[in-house]
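Engineer: One structure, pasted below without further comment.
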Ligand code: ATP
C-alpha cells in the first residue's frame, strides 16, 4: 500500500508525546514522502525505536525523515545513556539487554530491537545503530525508493 511516511511518523510522535509527557520532535525534508510498504509494520518499527529512545534518555527525542537520492532515511535520535561499543553488535539479538539495572523497573525483555530488525528486513530495508555512552543513540532505518 502507498504510505505517507511523514504523517505516519508525526502520528506516532504525537501519541508518544501525549502519553509520555516528553517531546518527540519530527523533522522532515521533504514534508511528504510516499513509499510503498506495510503501514502497520512500519509503524511498529517506529514505536519500538521511539519507545527505546524515551526509555533510555531523559531529554527530547528527534525523528528525522530525509530522502537522499533514492534512499529514504529515518533516524530516531536520543541524547541518553548510550550503548557501550562492545554491546552494539549484539543489541539486535533476541533477549540481549546491555545492563538490566540501567533500565527503570518497567524495563524491557530485550526483544524490541530484534523484532524491529526482522520487520525492517522483511520490508526490504536496513537498520543500523550508532551510539556513544553518555552522548546518545541514533537508530537509522533506510529503504531504497524505486521510482
Ligand atoms: P524491549 O523489548 O521492551 O524493547 P529492551 O529495550 O531491553 O526491551 P531492545 O529494544 O531489544 O530491548 O534493546 C536491547 C538493548 O539495547 C536494551 O536493553 C538497551 O540496553 C539497549 N538499547 C536499545 N535502545 C537504546 C537506546 N536508545 N539507548 C540506549 N540503549 C539502548
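Values quoted throughout were computed directly from the atomic coordinates according to the rules given, and no laboratory measurement underlies them. The shown structure was predicted, so the numbers you read here are calculated from the model rather than taken from an experiment. Note that we place each Cβ from the backbone using ideal geometry, even for glycine, and neighbour counts take in every protein chain shown.
Engineer: Full extension from residue 128 to residue 19: what is 0.36 nm times the residue separation minus their Cα-Cα distance, to one decimal in nm?
Structural biologist: So the chain would gain 36.5 nm between residue 128 and residue 19.
Engineer: To continue, here is another question. What's the center-to-center distance, using Cα atoms, between region 24-96 and region 113-132 in Å?
Structural biologist: Region 24-96 and region 113-132 have Cα centres spaced 9 Å from each other.
Engineer: Another question, then. Under 14 Å from the 7 Å Cα→Cβ point of residue 111, by amide nitrogen: which residues of region 41-82?
Structural biologist: Residues 48 fall inside that zone.
Engineer: Follow-up question, since we're still on this one. So what is the calculated 222 nm ellipticity per residue for the chain, using -39500 (n - 2.57) for each DSSP H run with n of 4 or more, over all residues, to the nearest 500 deg cm²/dmol?
Structural biologist: Per the formula, -10000 deg cm²/dmol.
Engineer: Helix 39-55 against the longest principal axis of the chain: what's the angle in degrees, Cα atoms only, rounded to the nearest 10?
Structural biologist: 30 degrees
Engineer: Between residue 1 and residue 140, what FRET efficiency comes out of the Förster formula 1/(1 + (r/R0)^6) with R0 = 25 Å and r the beta carbon distance, rounded to 0.05? The partial results should precede the final answer.
Structural biologist: Values: r = 24 Å, r/R0 = 0.95.
The calculated FRET efficiency here is 0.60.
Engineer: Give me the number: length gained by fully extending residue 93 to residue 41, i.e. 0.36 nm times residue separation minus the C-alpha to C-alpha distance, one decimal in nm.
Structural biologist: Extending this stretch completely gives an extra 16.8 nm.
Engineer: Would you mind ranking 113, 72, 144, 49 so that the residue whose beta carbon has the fewest other beta carbons within 10 Å leads the list?
Structural biologist: Result, fewest neighbours first: 144, 72, 113, 49.
Engineer: Compute the projected area of the convex hull of the Cα atoms of the chain, averaged over all viewing directions, and report it in nm² to one decimal place.
Structural biologist: Across all orientations, the chain yields a mean hull projection of 8.4 nm².
Engineer: Expressed as a rounded percentage, what relative contact order does the chain have, with Cα pairs under 8 Å and six or more residues apart?
Structural biologist: Numbers: 273 pairs, mean separation 35.4, N = 147.
About 24 percent, as a whole number.
Engineer: By how many degrees, between 0 and 90 and to the nearest 10, does the Cα long axis of helix 112-122 differ from the longest principal axis of the chain?
Structural biologist: It is inclined by approximately 30 degrees.
Engineer: Additional query: So if R0 is 25 Å, what FRET efficiency would residue 69 and residue 11 give, r being the distance between their Cβ atoms, rounded to the nearest 0.05?
Structural biologist: Values: r = 27 Å, r/R0 = 1.07.
After rounding to 0.05, the efficiency reads 0.40.
Engineer: Kirkwood Rh, region 1-72, all Cα pairs: how many Å?
Structural biologist: Numbers: mean 1/r = 0.0793 Å⁻¹.
One decimal place: 12.6 Å for the Kirkwood radius.
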